[in-house]
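Notes for the one structure printed next.
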């Protein structure tokens, strides 16, 4: 109150209370999101272990592949944490995975700025890891020749908009089919696409593979203006 007894501080107090409540709500929502993602990642890790165990030829190979896959999952998690769980752009996710193989200069990336939802970050991160791992073992990144091009765009309008992404390897060594039972093939054809309500296709060219993904943009892109 001022000297005349008039209330002058109520407005500021009300603003402070409103701000405190908004922050409290945001923290609760953030903790709920983190709890959900941790449970989801636990399920993904268990699936990785189970499927890798089916295909590993030795305990050493099993240990190495599980470690690499969990590390890739951790990279995606770190990106989400740094972005306050609001999402990560396609470019950021691709660059993070490319840098881990030390050949990012041989991977060209082009497409609009799309902020991926946490779920899309997790599963596309796994897909990019499997693609890069296969390339480092058998494809373009296994030698000095060739290039990888990753392009993405959107089509349609309104609720029917679609997200398209294509990973294309060219001028690499002669391609051998990965096999329908390989963990990477399962991830690229089924696990990652289905997790975001889409479909994936893997093709084998004479000197490089092509992986294409199509999914509803609504399941890929984070909600504009969404609050945790």
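The values are calculated or read from the model by the stated rules, or taken from the named source; none is laboratory data. The structure displayed is predicted, hence computed values, not measured ones. Using ideal geometry, Cβ is built from the backbone for each residue, glycine included, and neighbour counts are taken over all protein chains shown.
Values computed for the structure shown
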{"item": "Residue that is surrounded by the fewest Cβ atoms within 10 Å (Cβ to Cβ), among those in the range 72-114 that are within 16 Å of residue 134 (Cα to Cα) and out of contact with any strand residue (DSSP E or B) (no Cβ under 8 Å at 6 or more places or on another chain)", "result": "102"}
{"item": "Among residues of the range 88-127, those that are within 17 Å of residue 153 (Cβ to Cβ) and part of a helix (DSSP H, G or I), counted", "result": "6"}
{"item": "Test result for residue 186, under 21 Å from residue 65 (Cα atoms), surrounded by 14 or more Cβ atoms within 10 Å (Cβ to Cβ), under 14 Å from the mean Cα position of the chain (by Cα) and at pLDDT below 95", "result": "no"}
{"item": "Which numbered condition residue 76 fails, given (1) in a helix (DSSP H, G or I); (2) modelled with pLDDT of 85 or more; (3) farther than 27 Å from residue 145 by Cα; (4) over 15 Å from the mean Cα position of the chain (by Cα)", "result": "(4)"}
{"item": "So residue 119, is it under 26 Å from residue 41 (Cα atoms), within 14 Å of the chain's Cα centre (by Cα) and surrounded by fewer than 23 Cβ atoms within 10 Å (Cβ to Cβ)", "result": "yes"}
{"item": "Test set (1) in contact (Cβ under 8 Å) with a residue 40 or more places away in the chain; (2) in contact with a helix residue (DSSP H, G or I) (Cβ under 8 Å, 6 or more places away or on another chain); (3) surrounded by fewer than 20 Cβ atoms within 10 Å (Cβ to Cβ) - residue 136 fails condition number", "result": "(1)"}
{"item": "Residue match in the range 156-163 (condition: part of a helix (DSSP H, G or I), closer than 21 Å to residue 189 by Cα and in contact (Cβ under 8 Å) with a residue 12 or more places away in the chain)", "result": "no"}
